1. List, in order, the whole-Hz ³J(HN,Hα) value for each residue of segment A:67-81 obtained from phi through the Karplus relation with A = 6.51, B = -1.76, C = 1.60 and θ = phi - 60°; use x for Gly and Pro.
2. Highest mean first, how do A:166-172, A:67-73, A:97-103, A:55-61 rank when packing is the count of other Cβ atoms within 10 Å averaged over residues?
3. Going by Cα centres, segment B:53-70 and segment B:129-177 are how many Å apart?
4. Work out how much length B:ARG232 to B:ARG201 would gain on full extension: take 0.36 nm times their residue separation and subtract the Cα-Cα distance, in nm to one decimal.
5. Taking the dipole about the Cα centre of segment B:3-52, with the C-beta of Lys and Arg at +1 and of Asp and Glu at -1, give me whichever of B:LEU9, B:GLN45, B:ALA33 is farthest to the positive side.
6. Can you give me the long-range amide H partners of B:ALA138? Hydrogens built in the peptide plane at 1.01 Å from N, cutoff under 5 Å, separation of 5 or more residues or another chain.
7. Determine ³J(HN,Hα), in whole Hz, for all residues of segment A:168-183 in sequence, where each value follows from phi through the Karplus function 6.51 cos²θ - 1.76 cosθ + 1.60 and θ = phi - 60°; x replaces Gly and Pro.
8. In nm, to one decimal, how far is the modelled label at B:ASP6 from the one at B:GLU146, with both set 7 Å along Cα→Cβ?
Amino acid sequence: MTEGISSLRPRVSAAGDDARERLVKALGRVARGDRAALGDVYSATSAKLFGVCLRILPDREEAEDALQEAYLTVWRKAAAFDPSRGSPITWLVTLTRNRALDRLRSRRPIPSEPIDLAESIADEALPADSLVEMDQEAARLAACLGELPAADGILIRAAFFQGSSYPELAARVALPLGTVKSRIRRALVKLRGCLTA
Amino acid sequence: MTASDDDDLLAGELALGLLDAPERSSAEARADADPDFAALVEAWQVRLAPLLTRSSETPPEHVWEGIRSQLAANDDAPPSSAEAALRRWRMFAVAASAVAASLALILVTRAPAPPPQAAPAAAAPALVATLQGEESPAIVTISVSEPGQLLVTPVRLPTNGRVPELWVIPEDGKPRSLGIIQASAPSAVRVAPAHRPHVHRGATFAISQEPRGGSPTGAPTGPVVASGKITRV
């Protein structure tokens with residue numbers, strides 16, 4: 001499946017390469033304890049990462065707290081970022097999502113309300129013109145998620161945005177664990193096929 | 001389905017957060033040990049990231065201020081020099097001279113001195129800030145005991161023969177004196193009504209070392225030995 005990675009990489013523009021290079025260098029300096037470099041990383045990425053926090057934590061104050069925690073984690077863990085293993089922005093987005101999910105799950109109750117698989121997902125049904133504004137990868141992902149059965153898309157989003165595990169999802173949709181697992185795995189296979197086609 | 005398909009699905013499940021705790025630990029351990037598997041996880045993260053980065057929004061200024069102040073309080077990295085810290089405070093001092101007059105109104109009362117070691121635990125429920133030193137080993141906790149009333153508990157606060165003075169620094173960057181505190185026992189500090197609006201979440205508490213009697217100028221004149229962000233109120 002490594003062709004999946006390589007098929008995504010060439011779409012990064014030359015300007016994107018420059019930005020990526022700068023970010024990799026700044027993270028290297030952060031790893032050596034350079035505070036100004038953390039400021040550079042923040043300037044370059046905070047709007048994007050705040051968007052990530054807001055997507056998971058609609059409460060603005062909580063999203064702001066999660067964003068702070070994310071950059072403090074960057075400060076402590078920058079040395080763990082390995083540019084040969086992945087892109088800095090993916091590393092940052094993943095780390096930020098994890099901080100936001102930690103915060104979401106530290107609240108009581110954790111997301112456990114029933115999920116109605118028949119409901120429509122209003123916020124994901126994007127108007128055509130917003131598709132134009134999205135970058136290629138986002139548009140492609142939206143299109144591929146759109147090709148899944150609606151219920152599977154709902155399950156995948158619940159896992160992704162709320163950090164719900166298989167057992168939690170099974171409880172929330174009131175289906176047997178095995179059914180939920182096989183359904184999501186099937187959806188993941190389809191999604192991967194669509195994205196790497 | 002081939003073995004590598006199974007691996008890739010497991011990678012996707014890990015990236016999405018579907019695994020329960022034991023499964024997740026074992027998958028994470030594998031990602032740490034197996035670069036090929038780690039690459040599969042990364043590929044899923046790349047695939048899914050656009051879901052999260054669809055919209056960007058510039059965060060408010062105080063988010064960065066909070067990060068910066070927590071770096072000052074918590075990091076182990078080589079700190080900036082004491083001279084630089086002092087210079088910063090001198091700049092604050094100049095900027096703050098305009099508010100010096102109002103500082104005369106501040107009332108500071110001493111706590112009826114509970115044993116210092118007992119105070120942090122008693123104050124824990126209303127803890128609003130932990131101050132730490134950038135260059136010094138100082139640790140001071142601040143709690144709100146009642147509205148307008150702070151309990152300032154030095155866990156460790158070196159004095160170097162000077163007296164510690166507490167300041168609150170709101171977003172405008174100008175330190176407002178909250179008065180002299182004790183170095184080795186908790187102090188009850190009554191915040192003057194004029195300064196209460198400055199004591200809010202996101203503002204910074206700082207402690208500087210001043211001559212006996214406190215800063216002669218109404219702004220910090222000595223080095224800052226501890227600082228920390230107000231995290232609640």
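The numbers here are math on the coordinates, done by the rules we state, and not lab data. It should be emphasised that the depicted structure is a prediction, and the values quoted were computed from it without experimental measurement. Backbone-built Cβ (ideal geometry, glycine too); neighbour counts: all protein chains shown.
1. Per residue, the Karplus-derived 3J(HN,Hα) values read 5, 4, 4, 4, 6, 5, 5, 4, 4, 7, 10, 4, 5, 7, 6 Hz.
2. A:67-73, A:97-103, A:166-172, A:55-61
3. Here the answer is 25 Å between Cα centres.
4. Stretched fully, the B:ARG232-B:ARG201 segment lengthens by 10.6 nm.
5. B:GLN45
6. Counting only residues 5 or more places away or on other chains, the set is B:GLY133.
7. So the J values, rounded to whole Hz, are 5, 4, 4, 5, 6, 9, 6, 10, x, 3, x, 5, 5, 4, 5, 5.
8. Placing both labels 7 Å along Cα→Cβ, they lie 6.8 nm apart.
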